[in-house]
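**Student:** Below you'll find the structure I mean.
The values are calculated or read from the model by the stated rules, or taken from the named source; none is laboratory data. Bear in mind the structure is a predicted one, so any value in this text is a computation, not a measurement. Glycine gets a Cβ as well: all are built from the backbone with ideal geometry, and neighbour counts include every protein chain shown. Each accessible area value is taken on the protein alone, full model and side chains, heavy atoms only, with ligands, DNA and RNA left out. Shrake-Rupley method; radii C 1.70, N 1.55, O 1.52, S 1.80 Å.
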Amino acid sequence: MSEIIHLYHTNDLHSHFENWPRIDKFLKERRQLHQETGEEAIILDIGDHVDRWHPYTEGTLGKGNIELLNEAGYQYVTIGNNEGITLPHDALDSLYDHARFKVLAANIYYGDNERPEWALPYWIHTTAKGTKIAMIGLTAFFQKFYSAMGWEITEPFMELKAQLERVKTEAGVIIILSHLGIHDDERMARDFPEIDIILGAHTHHILHQGKLINDTLLCGAGKYGFFVGQVEMTVNQKKKISQKRAILYDTNDFWELENERTWIEEIYQAGGETLKQVAVDLPMALDNDWFKRSPLTEILGEALREWSQADCSFLNAGLLLEGLPKGPVTKGDIHRICPHPINPCIVEVDGNELKEILMQSRNEEWPHIQVKGFGFRGKIMGVMHYDQIEFNEMENGIVKGILIKGEKLQADKSYKLAIPDMFTFGHFFPSIHRSNRKEYLLPEFLRDILLWKLKKIYTNP
């Protein structure tokens, strides 16, 4: 007899809980429906459920997210880069202590090449009618970041090949929980035709009916809980898939729940006592402005340079969403004005490279550019703030010289430049992106070094 099996999947929620009550209700209703009709339902999350921009996640270091997944009845998850490299080592190592689901992450290890107890390379799920489904989890290959956090991450495709060898004789169906991105998923489908379904994430791609490459079905449900994905597959007497189809449900089409808005507000306020602690008492207000020099941006720029022990630094004013008022400032206040999971980074450059980077940073269009991704959780770039960097300009605005720590920039001298790590990604600064002389300072975020500097300035010895 044939069997119908349903996979429900979410990905890249990034702690955007606005749609979570509807998702929770939908999944519970669907599971009940399939139980009544004698069909199997499996509920999975494909990573980046955790994101420390939200005070609930920040205050619980992600454990609150795990409780939400528990309550919604998830059975299998993999980790994304937000779970993997934005939490301190011990916080990730204990994140799933109370999980009532299995964590599938084949390519993460301790530094001694031992697997964490909480990370299974794969799992064979056996349905009520005896179909064996192998599920393998893979996460993005951010090697430098994982190493800096005390983890080792293996190349996903090498790990996948090894795990497929183990499972292909044990199961009739093979599913990958892939937090690698759409391009790697497409490559995976071409290189490993034995894979039946790839549940994708990381690049926030939306595949309304899935995408078929050879006979592998690729799926993706976007981001922020805007969609819930479903794969319906029919398994024949040989316990192999005979039919499969993918659909997405738009959570905006779900009925708004009675107490939904109250719940969303309450969870925003439920960050825990940690964020309520007074961190520093300011004798004066510290303003911030996205379009001109301002005191708080100057403090952050100086903190970035000092913390990194660099020669100079620059950053964009849009990293600070607001200023700080006079009086007691809590950890929650610091989190609110600087919510990004962005770390300090040191780049070693020679004088010619530094000059090129600094001239690129003066792009007049940048302050108004809207930035999405790269860890940035603000709105616009804002003006650049420079610390220990001065431009000597002529009346027409042409730069005739650059000073580093008060001395003329020397073409053949080596400099340490401190920047937010977002500038090492994408196309902000091509020479920085290409450089192999970068050091990421983890686990501290920019907000941590801002608080360190404020305490240093305003706390009596």
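**Student:** Would you be able to say whether some residue in the range 208-220 is touching a Pro at 6+ places or on another chain (Cβ under 6 Å), modelled with pLDDT under 95 and farther than 30 Å from residue 54 by Cα?
**Tutor:** Within the range 208-220, one or more residues are touching a Pro at 6+ places or on another chain (Cβ under 6 Å), modelled with pLDDT under 95 and farther than 30 Å from residue 54 by Cα.
**Student:** Sticking with this one: Here's a check for you: in the range 21-57, which residue that is outside any helix (DSSP H, G or I) and more than 29 Å from the chain's Cα centre (by Cα) is surrounded by the most Cβ atoms within 10 Å (Cβ to Cβ)?
**Tutor:** 40
**Student:** Here is a further query. Is one or more of the residues making up the range 440-449 within 14 Å of residue 144 (Cα to Cα) and in contact with a strand residue (DSSP E or B) (Cβ under 6 Å, 6 or more places away or on another chain)?
**Tutor:** Yes, there is a match, as at least one residue in the range 440-449 is within 14 Å of residue 144 (Cα to Cα) and in contact with a strand residue (DSSP E or B) (Cβ under 6 Å, 6 or more places away or on another chain).
**Student:** Restricting to the range 229-251, and then to whatever is in contact (Cβ under 8 Å) with a residue 40 or more places away in the chain and over 27 Å from residue 194 (Cβ atoms), can you tell me which residue is least open to solvent (accessible area, probe 1.4 Å)?
**Tutor:** Once the filter is applied, the top-ranked residue is 251.
**Student:** In addition: Name the residue, out of 83, 117, 71, that is closer than 21 Å to residue 185 by Cβ and of a type in the set (Asp, Glu).
**Tutor:** From the options 83, 117, 71, the qualifying one is 83.
**Student:** Among the numbered criteria (1) open to solvent by 10 Å² or more (accessible area, probe 1.4 Å); (2) touching a residue at least 24 places away in the same chain (Cβ under 8 Å), which single criterion is violated by residue 266?
**Tutor:** Unmet condition: (2).
**Student:** Output the residues belonging to the range 367-406 that are of a type outside the set (A, V, I, L, M), open to solvent by 30 Å² or more (accessible area, probe 1.4 Å) and in contact (Cβ under 8 Å) with a residue 24 or more places away in the chain.
**Tutor:** Residues satisfying the conditions are 373, 374, 377, 379, 386, 388, 391, 405.
**Student:** A follow-up question, please. For residue 323, indicate whether it is modelled with pLDDT of 95 or more, surrounded by fewer than 16 Cβ atoms within 10 Å (Cβ to Cβ) and at positive phi.
**Tutor:** no
Residue by residue, here is whether (1) polar (S, T, N, Q); (2) in a helix (DSSP H, G or I) holds:
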site	(1), (2)
333	no, yes
336	no, yes
347	no, no
355	no, yes
363	yes, no
367	no, yes
